[in-house]
Amino acid sequence: MTPTHLERLIQLLAKLPGLGPRSARRAALHLLRKRESLMQPLAAALTEAADKVRGCSVCGNLDTVDPCGLCQDSRRDGTILCVVEEVADLWALERTGAFKGRYHVLGGVLSALDGVGPDQLAIDPLVARAGTDGVKEVILAMGATVDGQTTAHYIADRLGQLGLSVTRLAHGVPVGGELDYLDDGTLAAALRARRPL
Amino acid sequence: MSIVRSSARSADDLTLVPRAHPRGAATCVARISLTEFRCYRSAVLDIDPRPVVLTGPNGAGKTNLLEAISMLAPGRGLRRARLDELDRWMPGQTPGRGPAWAVAARILVPAGSHDVGTGRDPTDETVRRVVRIDGRAARGQTALAGLLTVLWLTPAMDRLFNDRAGERRRFLDRLVYGLDPEHAERVSAYDHALRERAHLLRAERAPDPAWLDVLEAKMAEGGVAIAAARRILVQRLNAVMEDGPGIFPRARLGVSGATDEWLDTMPALAAEEKLAAALGTSRGHDREAGGALHGPHRADLSVVHAGKGLPAREASTGEQKALLVAIVLAQAAMLSQVRGRTPILLLDEVAAHLDARRREALFDVLLALGAQCWLAGTDEATFAELGSAAQFVRVRDAMLAPAPEGTSR
C-alpha cells in the first residue's frame, strides 16, 4: 500500500460520524495490524452490505429483503404505526422489545434551514399508509428537539382528517434518574405529564 | 448596617458579617481554579463567603477571572465569547487546537458543597463544552442553572440604555433566566422557529402553508410564554425596588411591544391566538422585509428613572450606571426572596464610577444581601471602606495573590 492509498483510507475513515483525523489514523493503523482477522472481513462485509442492503419500500427500514423482515412479520400488530426520524431510532425502539406494531421511517425532520421540507421526507407515503392498511393509531416518536416537535405537529395536522388516534411519546423522568440532577425543563414536562399511581 | 472597618475590629469580629446576612446561608464560591483560560496558564484561589475585591493594573487578568466565574452558569459568560476564544492565547496557535481551557470550582450551597467543572472538551475534535458536577458528566449546561445563578455588571453594559433594543432584550432575558431557567430554552426554541419561518418565506417556491401554520403556532405559544415570563420578572423587580434603599435611583421597568401589551387586556390563550393570526396575515410583509413583524423579539425593555420621571436613556452617564446597579441589586434581592438562593454578583469597574456616598451605600447593600460579590477595579483605595468585611486579592500578570488582612487600607 503506497502512502496515497493509506492517506485515502484515513480520509475516508475520518468521514465516519464520531471520527476525526486523529482517530481515523489510529483506526487505519489498527486495521492494518489486524489485516486478516479484521480488515479483510470488514472490507467483505462493507461490499456485501453496499450491494445487498436496501431501504424497505413500505416502512423505510434497512434490510436485505424488500419489504423488510419487520414488515413481513405477520405477528406484528398492523393497527399501530410508530413514526420515527431515522432507522437508528427504529433500532433503538426494537432494542426495548416493548413495541410490537409496525414502523414508518421519515428519513429526517423538517428543517427549512437545512433545506428539508415535507417532500424530502416520507410524509406522503405515511399519510397514504395510515389511511389504508387498517391503521388505528399513529405514534409520533420524534425527538424532543424543536425540529422534531415541529415535524410531529405538522404530521399530526396532516393526519387530522383520517380520524385516527395520534399519540406521542411521553417526556419526563428517565428510569433510574434522580430528580435533583434533572434539568428544569424536563422536570416541568414530567410534572405536567404526571399519572395516577 | 454600617461598614465593618478593619482598623476598628479584630479578626474575630468577622463573624459579625455572616450574622448580618438574611436567614439561610448564601451560595458562594469557596475555591476556583483556572487552567489555560484566557491569560491564565494555571491559577487557584481559595476564598470565603465575604465579598472578594480584585485589584490590579489594566490587563492583569481581573475581568478574565470574573469571566471564568460567569462560565459556572449556563450561557456564554460575561463577554459572550465563543468557546475556543476562551483558550489561552499563544502566538501561532489556532484557537481551539491547543490545550483546552477549564474552570473548576467548589461551590458552597445551603445544603453542602458541590464540585463543578466546565471547559472545552479536549477529547472532541468539534468545539464543545463539557460540564461535570461532583465528578459526574452533566447532560448539558442547563444543569448548572440548578446550582447557582451568576449576575454581572461590566463596563460594556454602560451604554445599555442607549444601545440597540436587542441588547436590552438580552439583558432582560438574562434576568428572567435567574428566576425561570426554562426561559432560556423557550427563547432559543422561539428564535429557531422564527428563523425557520423566515427561511421558508424567502424560499423561491411557495412554502407549504401547513408547515408555516405549525411554525407560527409554535412561535405564538412560545412567544406568549416569553412575554409572560418577562412581565412576571418586571413586576417582581418593580415591587422590590419600590421598597429598596433610597440612595440608588429607583428604576421603573416596563416591557413595550404589542404581544406584551395584549397580555394586559386578554388571557394568554387569546394572546396566543392573536399572535398566530397576526403572523399569518403578515406573511407577505415578512417575506419582503425578513424577520417577523409581530412577536416578543420586537419588544424592548423600557427603564425610567422613577424619581425624576426621566427615561433612562436621557439620564446622565453616572445616573445610568446607578440605575443599572439598582436593577442588578434588586434582582439579587428578588432571587433570594423568591428562589431562596442568593446569586453570585460580578461587578467589574462598578465602584469607580460611583460617588463616595453611593459607593458606600453599594458596599452596605452588598454586605446586607449576603451574596458573594466579586468586585474588580484598578485602585485598591476605592474599596478601602470595605476593610476586613471583604477579602482582597491582587491580580498581576495572570497571578493571584491574596492580600494579607488589614493591608487594604
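Suppose the filter is under 21 Å from the mean Cα position of the chain (by Cα), acidic (Asp, Glu) and surrounded by fewer than 22 Cβ atoms within 10 Å (Cβ to Cβ); does B:Glu204 pass it?
Against the criterion (under 21 Å from the mean Cα position of the chain (by Cα), acidic (Asp, Glu) and surrounded by fewer than 22 Cβ atoms within 10 Å (Cβ to Cβ)), B:Glu204 does not qualify.
Which of the residues belonging to region B:238-275 are among the hydrophobic types (A, V, I, L, M, F, W, C), surrounded by 14 or more Cβ atoms within 10 Å (Cβ to Cβ) and farther than 23 Å from B:Ala217 by Cα?
Result: B:Val240, B:Met241, B:Ile247, B:Phe248, B:Ala251, B:Leu253.
Among the candidates B:Thr154, B:Thr118, which residue alone is β-branched (Val, Ile, Thr), within 21 Å of B:Val29 (Cα to Cα), more than 12 Å from every other protein chain (Cβ to nearest Cβ) and within 14 Å of the chain's Cα centre (by Cα)?
B:Thr154
Please find, within region A:152-193, the residue that is farthest from the other protein chains (Cβ to nearest Cβ) out of those that are in contact with a helix residue (DSSP H, G or I) (Cβ under 7 Å, 6 or more places away or on another chain) and assigned to a loop (DSSP other than H, G, I, E, B).
By that ranking, first place goes to A:Leu164.
On the given criteria, is A:Leu70 away from chain B (no Cβ under 14 Å), more than 30 Å from B:His199 (Cα to Cα), assigned to a helix (DSSP H, G or I) and in contact (Cβ under 8 Å) with a residue 24 or more places away in the chain?
Details: away from chain B (no Cβ under 14 Å): yes; more than 30 Å from B:His199 (Cα to Cα): yes; assigned to a helix (DSSP H, G or I): yes; in contact (Cβ under 8 Å) with a residue 24 or more places away in the chain: yes.
Spelling it out, A:Leu70 is indeed away from chain B (no Cβ under 14 Å), more than 30 Å from B:His199 (Cα to Cα), assigned to a helix (DSSP H, G or I) and in contact (Cβ under 8 Å) with a residue 24 or more places away in the chain.
Would a scan of region A:94-116 turn up a residue that is under 25 Å from B:Pro207 (Cα atoms), among the charged types (D, E, K, R) and surrounded by fewer than 12 Cβ atoms within 10 Å (Cβ to Cβ)?
No; the residues of region A:94-116 include none that is under 25 Å from B:Pro207 (Cα atoms), among the charged types (D, E, K, R) and surrounded by fewer than 12 Cβ atoms within 10 Å (Cβ to Cβ).
In region A:78-93, which residue that is assigned to a helix (DSSP H, G or I) and small (Gly, Ala, Ser) is surrounded by the fewest Cβ atoms within 10 Å (Cβ to Cβ)?
The extreme case among them is A:Ala88.
Of (1) closer than 27 Å to B:Trp211 by Cα; (2) more than 14 Å from every other protein chain (Cβ to nearest Cβ); (3) in a loop (DSSP other than H, G, I, E, B), A:Arg75 satisfies all except one. Which?
Among (1) closer than 27 Å to B:Trp211 by Cα; (2) more than 14 Å from every other protein chain (Cβ to nearest Cβ); (3) in a loop (DSSP other than H, G, I, E, B), the lone unmet condition for A:Arg75 is (1).
Out of all the residues in region B:310-325, is one or more among the basic types (Lys, Arg) and within 30 Å of B:Ala210 (Cβ to Cβ)?
no
Could you list, in sequence order, all residues of region B:131-189 that are of a type in the set (Gly, Ala, Ser) and in a helix (DSSP H, G or I)?
Listed by number, the residues that qualify are B:Ala143, B:Ala145, B:Ala156, B:Ala165, B:Gly166, B:Gly178, B:Ala184, B:Ser188, B:Ala189.
Does B:His297 satisfy being within 29 Å of the chain's Cα centre (by Cα), closer than 30 Å to B:Leu201 by Cβ and in a helix (DSSP H, G or I)? Lay out the reasoning, then the answer.
Details: within 29 Å of the chain's Cα centre (by Cα): yes; closer than 30 Å to B:Leu201 by Cβ: yes; in a helix (DSSP H, G or I): yes.
Yes: the conditions hold for B:His297.
Out of everything in region B:179-193 that is more than 17 Å from the chain's Cα centre (by Cα) and facing chain A (nearest Cβ under 7 Å), what residue ends up being farthest from A:Pro118 (Cα to Cα)?
Result: B:Ala189.
Which one of A:Val109, A:Val58, A:Val65 is within 14 Å of chain B (Cβ to nearest Cβ) and either hydroxyl-bearing (Ser, Thr, Tyr) or in a loop (DSSP other than H, G, I, E, B) (or both)?
Numbers: A:Val58 fails: within 14 Å of chain B (Cβ to nearest Cβ); A:Val65 fails: within 14 Å of chain B (Cβ to nearest Cβ).
Result of the check over A:Val109, A:Val58, A:Val65: A:Val109.
Is it the case, given these coordinates, that B:Gly146 is within 12 Å of chain A (Cβ to nearest Cβ) and exposed (fewer than 15 other Cβ atoms within 10 Å of the Cβ)? Full working, then the answer.
Details: within 12 Å of chain A (Cβ to nearest Cβ): yes; exposed (fewer than 15 other Cβ atoms within 10 Å of the Cβ): no.
In short, no.
Among the candidates A:Ala28, A:Ala14, A:Ala24, single out the residue that is within 14 Å of chain B (Cβ to nearest Cβ), more than 26 Å from A:Ala122 (Cα to Cα) and in contact (Cβ under 8 Å) with a residue 12 or more places away in the chain.
Working: A:Ala28 fails: within 14 Å of chain B (Cβ to nearest Cβ); A:Ala14 fails: in contact (Cβ under 8 Å) with a residue 12 or more places away in the chain.
Result of the check over A:Ala28, A:Ala14, A:Ala24: A:Ala24.
For region B:208-251, what are the residues that are within 11 Å of chain A (Cβ to nearest Cβ) and among the β-branched types (Val, Ile, Thr)?
Once the filter is applied, which keeps residues that are within 11 Å of chain A (Cβ to nearest Cβ) and among the β-branched types (Val, Ile, Thr), region B:208-251 yields only B:Val214.
In region B:46-69, which residue that is touching a helix residue (DSSP H, G or I) at 6+ places or on another chain (Cβ under 9 Å) and of a type in the set (Asp, Glu) is farthest from B:Arg31 (Cα to Cα)?
Top of the filtered list is B:Glu67.
Within region B:4-19, identify whether any single residue is modelled with pLDDT under 90, basic (Lys, Arg), out of contact with any helix residue (DSSP H, G or I) (no Cβ under 8 Å at 6 or more places or on another chain) and not in a loop (DSSP other than H, G, I, E, B), and answer yes or no.
yes
Let's see how each residue does on (1) over 19 Å from the mean Cα position of the chain (by Cα); (2) at pLDDT 95 or above; (3) of a type in the set (D, E, K, R); (4) surrounded by fewer than 16 Cβ atoms within 10 Å (Cβ to Cβ):
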position	(1), (2), (3), (4)
A:Thr2	yes, no, no, yes
A:His5	yes, no, no, yes
A:Ile10	yes, no, no, no
A:Lys15	yes, no, yes, yes
A:Gly18	no, no, no, yes
A:Arg25	yes, no, yes, no
A:Lys34	yes, yes, yes, yes
A:Pro41	yes, yes, no, yes
A:Asn61	no, yes, no, no
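This table checks each residue for (1) of a type outside the set (D, E, K, R); (2) in contact with a Cys (Cβ under 9 Å, 6 or more places away or on another chain); (3) buried (at least 17 other Cβ atoms within 10 Å of the Cβ).
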residue: B:Val303; (1), (2), (3): yes, no, yes
residue: B:Glu314; (1), (2), (3): no, no, no
residue: B:Glu349; (1), (2), (3): no, no, yes
residue: B:Leu362; (1), (2), (3): yes, no, yes
residue: B:Val365; (1), (2), (3): yes, no, yes
residue: B:Leu369; (1), (2), (3): yes, no, yes
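Among the residues that make up region B:194-206, is at least one of them in contact (Cβ under 8 Å) with a residue 60 or more places away in the chain, small (Gly, Ala, Ser) and at the interface with chain A (Cβ under 9 Å from one of its Cβ atoms)?
Within region B:194-206, one or more residues are in contact (Cβ under 8 Å) with a residue 60 or more places away in the chain, small (Gly, Ala, Ser) and at the interface with chain A (Cβ under 9 Å from one of its Cβ atoms).
Quick check: anything in region B:223-234 assigned to a helix (DSSP H, G or I) and more than 18 Å from B:Glu261 (Cβ to Cβ)? Give the derivation first.
At the first step, the residues of region B:223-234 found to be assigned to a helix (DSSP H, G or I) are B:223-234.
Remaining after also requiring more than 18 Å from B:Glu261 (Cβ to Cβ): none.
Checking region B:223-234: not a single residue is assigned to a helix (DSSP H, G or I) and more than 18 Å from B:Glu261 (Cβ to Cβ).
The values are calculated or read from the model by the stated rules, or taken from the named source; none is laboratory data. Note that the structure is a prediction, hence the values are computed from the model and not measured. Positions of Cβ are backbone-derived with ideal geometry, glycine not excepted, and every protein chain shown enters the neighbour counts.
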